[in-house]
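What follows is calculated from the coordinates using simple rules that are stated; it is not laboratory data. Worth saying up front: this structure is predicted, and the values here are computed from it rather than measured. Note: ideal-geometry Cβ built from the backbone for every residue, glycine included; neighbour counts use all protein chains shown.
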Amino acid sequence: MMNLSALKIDPEFQGKIPPLTFEELNQLEANILRDGRIINPIIVWEGLIVDGHNRFIIAKKHPEIPFTVHETEFANRYEAIIWICKNQLGRRNLTPEQKKYLIGKQYEAEKCVNGGDRKSPAAKSGGHFDHLIKPEKTRERIARETNTTDSFVRRAEHFAKGVDVAEEAVPGTRQKVLSGEVKPTAAEIASVARAPPEERPALVAEICKPKPPKPPAQKQKAPPAVAAPLPNASTSEEESTDEELVHTPAPQEQTFPQRVNEPLKIDRQQILDIANSRYVPKRLADGTAMLCEVSGAANSMMRRWESVFREYPDILSDAENRASVGRTIQKLRDYLKNLEDKMEELL
């Protein structure tokens, strides 16, 4: 068993690993004390911890607990960072911000390994890199490995750089951003990276300010009701824009029984009947008219499923996801079978 004093924490390596919450760290410590040993090894490279920082802290707190160390080999620091990022991206409990940050740091490190960054310390040291890979191809590969897109990887690199600059200006900012406690926009993160060093702390402080909640959307008040005018022979009481006006000859003038020298009295319903006779009543939709709705819904479902399967292939490759898709397909089968039975009953 390697001496704990021989192991060192590298701040750059540790910064790539999402920290556990207080509750998660306490649970890990309780599990180790229950087992009486640290099951998973602490992985190191040249004495620097690349995985197992929390296990290392617990081992220092309880020196009586046995642990193991696994030494691995990397050509340089960039390869170590790539390994750390890939290892952490395999976790299931990452926040969207943590995933974006890790993808950005992986891409940044791979560019350095593959010669994409000629200004890096490794490049200046005279290291020779064979089989140089263009950054565009690196992005495409990382996008394929992480089930994202080429543009997402490029944005992730800018996001990661901005987060690191904010951390340098105000320590602790990275944890707030990656945990989701603070949710800056891409423009806000970019502004920190572009600002002069002396202005960055103020920008970070502004970003970290709690944003006021959005006011609830106010319901639009309906306009006050206005009494409709008495209909005449050319206006119906309830006109609708989707009614089709029919050009028909004007109805013959109606005559009403009346006495000599008595004012003409016209019944309201008679006037409505005259007005409504000039319009064709609305047609209700029937089954034939709604066949397009049934066909459109089926086509829409197939297009959406194909899009999801194409963009997220792990839905079909992952056993748990595949089982869930199978249950959904079975529900559709049951529904379609019941529908077919109803159709046969109507024959």
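Distance check, please: which entries in LYS100/LYS211; LYS105/LYS176; LYS99/LYS209; LYS61/LYS86; LYS60/LYS161; LYS8/LYS209 exceed 27 angstrom between their Cα atoms? Over 27 Å apart, Cα to Cα: LYS61/LYS86; LYS60/LYS161; LYS8/LYS209.
Distant-in-sequence amide contacts of VAL50, defined by a placed amide H-H separation under 5 Å and a gap of 5 or more residues or a different chain, comprise ILE43, VAL44, TRP45.
Taking a point 7 Å from the Cα of GLN175 along the Cα-to-Cβ direction, the residues of region 34-51 with backbone N closer than 20 Å to it are 49-51. Cβ-Cβ distance of LYS331 and ARG194, R₀ of 35 Å, FRET efficiency by 1/(1 + (r/R0)^6): the value works out to about 0.10.
Listed peptides 102-112, 33-43, 168-178 appear in the order 102-112, 168-178, 33-43 once ranked by packing, highest mean of other Cβ atoms within 10 Å at the front.
The phi-based Karplus calculation (6.51 cos²θ - 1.76 cosθ + 1.60; θ = phi - 60°) puts the 3J(HN,Hα) values of region 27-42 at 5, 4, 5, 5, 5, 5, 5, 5, 6, x, 6, 8, 5, 7, x, 8 Hz, whole numbers, x for Gly and Pro. The stretch between GLN270 and LEU25, if pulled fully straight at 0.36 nm per residue, gains 79.8 nm over its current Cα-Cα span. For region 298-344, GluC sites (Glu not before Pro) meeting the loop criterion (DSSP other than H, G, I, E, B) and having at most 12 other Cβ atoms within 10 Å: none.
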